[in-house]
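Scroll down for the structure; my scribbles are underneath it.
The values are calculated or read from the model by the stated rules, or taken from the named source; none is laboratory data. As the structure is a computational prediction, the values presented were derived from the model and not from experiment. Neighbour counts run over all protein chains shown; Cβ positions are idealised from the backbone, glycine included. What goes into the accessible areas is simple: the full protein's heavy atoms, side chains included, and nothing from ligands, DNA or RNA. Shrake-Rupley method; radii C 1.70, N 1.55, O 1.52, S 1.80 Å.
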Amino acid sequence: MRAYDIIYRKRMGEELTTEEIRALVSGFVSGEVPDYQMAAWAMAVCIRGMTPRETADLTMAMAESGDQIDLSAIAGRKVDKHSTGGVGDKVSLVLVPLVAACGAPVAKMSGRGLGHTGGTLDKLESIPGFRVELSPEEFVAQVNRIGCAVAGQTGDLVPADKKLYALRDVTATVDSIPLIASSIMAKKIAGGADAVVLDVKTGSGAFMKSLDEAFRLAEAMVAIGRQVGREVAALVSDMDQPLGHAVGNALEVAEAIETLRGFGPKDLEEICLQLGAQMLRLAGVAADGAEARKMLLRALRSGRGLSKLIEMVEAQGGDAGCIRQPVKLPRAQRVVPVTAPEGGYVQSITALEVGVAAQLLGAGRETKESPIDLSVGVVLRKKVGEPVAPGDVLAELHVSDDRRLAEAQERLLGAYRIGPGQPAPRPLVYGLVT
Ligand code: URA
């Protein structure tokens, strides 16, 4: 089977066989198929697309290209959650303990932040002592003992995706629905999940800028699940403005704790309830979404979700005193307000620009190797729809290094659009795809 023929057939818009897709992926991983042929094929996919069957075959070929996590030693249906990423997205910090407190085991593998989006591992590392590197045995044992664990990837998971993503990144072939859907789902399947709940973000701070693209991605991932025997539910949710108020690692942990105490921002609480309801439903712990929501609300109001977070932090070597008293979390040296130049209503807050401002302060990485400051970031004091008077504080910058402060201030101010008249509220959740 020649790579040339596979590329040619895709270029002509033909449907590839399972064998062809497998041969291409394994040849690429082994080095037999050079980068230039794989890049040509990815470009053909961008232009011609893939059928649901081809997309599922690509997903499985990638999922099986390296190590796969075996979670069979954990009793019950393991439901993973994945967000396509956004600004201020600290959902996992709330959701993992909350869902575990309702009786569904959560074995969550997370990643680090890059660019304007944060990563759950960095956020958790702002809790002094918290260990994100667990061996597979420790990971499974912890979930069996307390019901949840969050750790970084171990072993060589989905090497085909690592190699292909790096190639797509430099050949203008990232934004293809079948390539994105298979890349995400391959990692979830190799991570050992029985079922997956996806949060597909849409808006200025999201990967999928338009609602139509976000729904198409959600549908593609749900279809992969159907083809490969995993239950998948996907919420399409708003990321036009940041989620909650805090953007930055320790600041987001503090906001997640507030949410588990029942005093968090309403948008964050609501998205956690909706995603959590799908997780409990797919785990078989609740009969339907309505029952699941009641269970989650009880866990939230009773403080059981917060207790579960404390248990998880202790189990992973972290200082649980920081959860009981978030003032003990790392703090930036000073807080610089950004004020409104004019009055009116906040019409929009470009999430991407807020993320960039936090990154400029040191909260996010420019490259995979760059160091980050876990204490710094942005706290939004006004969100879309709120009235502002001239001079009101729109947001606070938590700063320890002034070198790029002026740029961060400018980006943050530029993120806010203030105008007359209260804008119609945007929905937080646009729909559920199952
Ligand atoms: N996130 C992924 O994991 N893969 C993609 O292809 C795009 C976003």
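Looking only at strands (runs of 3 or more DSSP E) that lie completely in the range 317-425, which have at least 1 residues being farther than 24 Å from Val94 by Cα? Before the answer, list the steps.
On the way: elements: 334-339, 344-349, 377-380, 393-399, 416-419.
By residue number, 334-339, 344-349, 393-399, 416-419.
On the basis of being part of a helix (DSSP H, G or I), at pLDDT below 95 and within 28 Å of Val29 (Cβ to Cβ), does Lys162 make the cut?
Judged against the criteria, Lys162 is a match.
Name the single residue that is farthest from Ser83 (Cα to Cα) among those in the range 152-169 being near the ligand (Cβ under 10 Å from one of its atoms) and aliphatic (A, V, I, L, M).
Leu164
Which of (1) without any contact (Cβ under 8 Å) to a residue 60 or more places away in the chain; (2) open to solvent by less than 30 Å² (accessible area, probe 1.4 Å) is the odd one out, the single condition Val378 does not satisfy?
(1)
Scan the range 389-411 for residues that are in contact (Cβ under 8 Å) with a residue 24 or more places away in the chain, out of contact with any Phe, Trp or Tyr (no Cβ under 7 Å at 6 or more places or on another chain) and either closer than 20 Å to Gly244 by Cβ or of a type in the set (A, V, I, L, M) (or both) and jot them down. Walk me through it before giving the result.
Step one: of the range 389-411, the residues in contact (Cβ under 8 Å) with a residue 24 or more places away in the chain are 389-401, 404-405, 407-409, 411.
Okay, now just the ones that are also out of contact with any Phe, Trp or Tyr (no Cβ under 7 Å at 6 or more places or on another chain), so 389-393, 395-401, 404-405, 407-409, 411.
Of everything in the range 389-411, those that are in contact (Cβ under 8 Å) with a residue 24 or more places away in the chain, out of contact with any Phe, Trp or Tyr (no Cβ under 7 Å at 6 or more places or on another chain) and either closer than 20 Å to Gly244 by Cβ or of a type in the set (A, V, I, L, M) (or both) turn out to be Ala389, Asp392, Val393, Ala395, Glu396, Leu397, His398, Val399, Leu405, Ala408, Arg411.
Tell me which of these Ala172 doesn't satisfy, since it passes every other one: (1) away from the ligand (no atom under 11 Å from the Cβ); (2) open to solvent by less than 10 Å² (accessible area, probe 1.4 Å); (3) in a loop (DSSP other than H, G, I, E, B).
Here Ala172 clears every test but (2).
Here is a check on your reading of the model: is Asp199 out of contact with any Leu (no Cβ under 9 Å at 6 or more places or on another chain) and within 16 Å of the ligand (Cβ to nearest atom)? Even if it seems obvious, please write down each step before you answer.
Values: out of contact with any Leu (no Cβ under 9 Å at 6 or more places or on another chain): no; within 16 Å of the ligand (Cβ to nearest atom): yes.
Answer is no for this residue.
Quick check on my filter: what residues within the range 386-434 are among the hydrophobic types (A, V, I, L, M, F, W, C) and surrounded by fewer than 13 Cβ atoms within 10 Å (Cβ to Cβ)?
So the first thing to find is which residues in the range 386-434 are among the hydrophobic types (A, V, I, L, M, F, W, C), and the list is 388-389, 393-395, 397, 399, 405-406, 408, 412-413, 415, 418, 424, 428-429, 432-433.
Passing the criteria: Ala389, Ala406, Ala424.
Are there any pairs with C-beta distances below 6 angstrom linking a residue in the range 202-220 that is assigned to a loop (DSSP other than H, G, I, E, B) to a residue that is β-branched (Val, Ile, Thr), with the two at least 6 apart or on different chains, and if so which?
Sorted first by the residue in the range 202-220, then by its partner, the pairs are Ser204/Thr350; Gly205/Val87; Phe207/Thr84.
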